[in-house]
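Here the structure is laid out as structure tokens; the discussion comes afterwards.
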Amino acid sequence: MSEKKEIYQLEHVTKVFREGNNEVRAVDDVSFSIYEGEIFGIIGMSGAGKSTLVRTLNRLEEITDGTIRFDDVNLQELSSIQLRKVRQSIAMIFQNFNLMMQKTVLDNVMAPMRIAKKLSRQQQREKAKQMLEIVGLQEKAEAYPAQLSGGQRQRVAIARALAMDPRVLLCDEATSALDPKMTDEILTLLKDINRRLHLTIVIITHEMKVIEKICDRVAIIEHGKLAEIGAVEQIFTEPQSSAAKHLLLPFIQGDNPFDMTDKRCFRIVFDGRKATEPVIANLVKATGEEVNILSANTRSVGGVGYGQMIVEIPEDPVKAEKVLDYLHSIDINLTEIEGKEESL
Ligand SMILES: Nc1ncnc2c1ncn2[C@@H]1O[C@H](COP(=O)(O)OP(=O)(O)O)[C@@H](O)[C@H]1O
Ligand SMILES: [Mg+2]
């Protein structure tokens, strides 16, 4: 495996907001790295500190303590002129797109190049058109943002971000104002850009489905602290922190919360080694016993099948033992759930 280069290194990053005698530790002693070329997710509930954290990554927010290195450079040590230069490599998109409504799409995409005095006017136009092509909006160059759908507006914002040839794209709830179909389109586009341009992408979201769809790794933030970090498939199959379990719970259960009191229930985690359907079919074939599937949620994460199933086994102890013997014999991740499910 090739050595992964760290594009961001955060060490003990803390941000305290002070209002009178009140102190809010919006980011509290957070340390992690982001690797070049990956899609890195940061998830947490509203108020967890995600936006503050992502704003520290381009020094829109000055940190109270700790260090942030971008491409081996300590951001805090940069003069304002150096910072301006470095920021050209760090693009950002937002939930509400931040487009200039009175300017055409093309003008919007050209704006950062114009401000940075990058390229000639003609070259800026050419570059902006290329960027619009990447996001599939070349036909809309002369349109105004008001004439576009939300998804198209976010595409313009992405084209504008790409125009400066950034090393990293920070996305703060970039799909939160979009309906599910447009969300999917934007996420697919981001993944495509990540692969084609080898652009590092940092995704801030409160939605697990966003993380699941495109992220390679994810950090879970709770009350300003890093609760858990890891590969997406790892967090989805074996969440350790209560914050991760809490965020995954509605995702796994869907709209069918269930009560397992008075039942013997087991969780089977599928980790990509075994397909889900044959396990249950083979179980029934091998034991002649039925199990009741209370909840099943399997999906493709990072191109591999993952998921979990919660099954109720027969009450009859003899039948139960047959079922358990079989499940133990096939080398599968199996754990008994005690009483009411609260840990996924
Ligand atoms: N400029 C600010 N001044 C004071 N408190 C702030 C400021 N920005 C954010 N906060 C507080 O920091 C905490 C984290 O906010 P934020 O980073 O916006 O969370 P998230 O993006 O996860 O919803 C919240 O308690 C919020 O009220
Ligand atoms: Mg936020």
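The values are calculated or read from the model by the stated rules, or taken from the named source; none is laboratory data. Being a predicted model, the structure only gives us computed values, none of them experimental. Cβ atoms come from the backbone with ideal geometry, glycine included; neighbour counts cover every protein chain shown. Heads up: the accessible areas ignore ligands, DNA and RNA and are worked out on the full protein's heavy atoms, side chains in. Shrake-Rupley method; radii C 1.70, N 1.55, O 1.52, S 1.80 Å.
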I need every pair where a residue in segment 225-239 that is closer than 19 Å to Glu11 by Cβ has its Cβ under 7 Å from the Cβ of a residue that is in a helix (DSSP H, G or I) and small (Gly, Ala, Ser), sequence separation at least 6 or different chains. Ala227/Ala243; Ala227/Ala244; Glu228/Ala243; Glu228/Ala244
Candidate set: segment 310-323, residues that are aliphatic (A, V, I, L, M) and in contact (Cβ under 8 Å) with a residue 12 or more places away in the chain; chosen: the one surrounded by the most Cβ atoms within 10 Å (Cβ to Cβ): Val311
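Residue by residue, here is whether (1) under 13 Å from the mean Cα position of the chain (by Cα); (2) open to solvent by less than 10 Å² (accessible area, probe 1.4 Å); (3) small (Gly, Ala, Ser) holds:
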{"position": "Asp172", "(1), (2), (3)": "yes, no, no"}
{"position": "Ser176", "(1), (2), (3)": "yes, no, yes"}
{"position": "Lys191", "(1), (2), (3)": "yes, no, no"}
{"position": "Asn194", "(1), (2), (3)": "no, yes, no"}
{"position": "His206", "(1), (2), (3)": "yes, no, no"}
{"position": "Val210", "(1), (2), (3)": "yes, yes, no"}
{"position": "Ile214", "(1), (2), (3)": "yes, yes, no"}
What do you reckon, is Asn74 free of Cβ contacts under 8 Å to residues at least 40 places away in the same chain and touching a strand residue (DSSP E or B) at 6+ places or on another chain (Cβ under 7 Å)? yes
Go through the residues of segment 140-157 one by one and say whether even a single one is more than 16 Å from ligand 1 (Cβ to nearest atom) and within 26 Å of Asp71 (Cα to Cα). yes
Can you tell me which residues in segment 33-50 are within 13 Å of ligand 2 (Cβ to nearest atom) and either β-branched (Val, Ile, Thr) or surrounded by fewer than 19 Cβ atoms within 10 Å (Cβ to Cβ) (or both)? Ile42, Ile43, Met45, Ser46, Gly47
Across segment 102-127, what is the number of residues that are open to solvent by 40 Å² or more (accessible area, probe 1.4 Å), of a type in the set (S, T, N, Q) and over 14 Å from Tyr144 (Cα atoms)? 3
Residues of segment 167-206 being more than 16 Å from ligand 1 (Cβ to nearest atom) and hydrophobic (A, V, I, L, M, F, W, C), which ones? Val168, Leu169, Leu178, Met182, Ile186, Leu187, Leu189, Leu190, Ile193, Leu197, Leu199, Ile201
Would you please list the contacts, defined by Cβ atoms under 6 Å and residues six or more apart or on different chains, that run from a residue in segment 114-134 that is at positive phi to a residue that is surrounded by 16 or more Cβ atoms within 10 Å (Cβ to Cβ)? Leu119/Met113
Between a first residue in segment 46-60 that is in contact (Cβ under 8 Å) with a residue 60 or more places away in the chain and a second residue that is assigned to a helix (DSSP H, G or I) and more than 8 Å from ligand 2 (Cβ to nearest atom), which pairs have beta carbons less than 6 Å apart while being 6 or more apart in sequence or on different chains? Asn58/Arg87
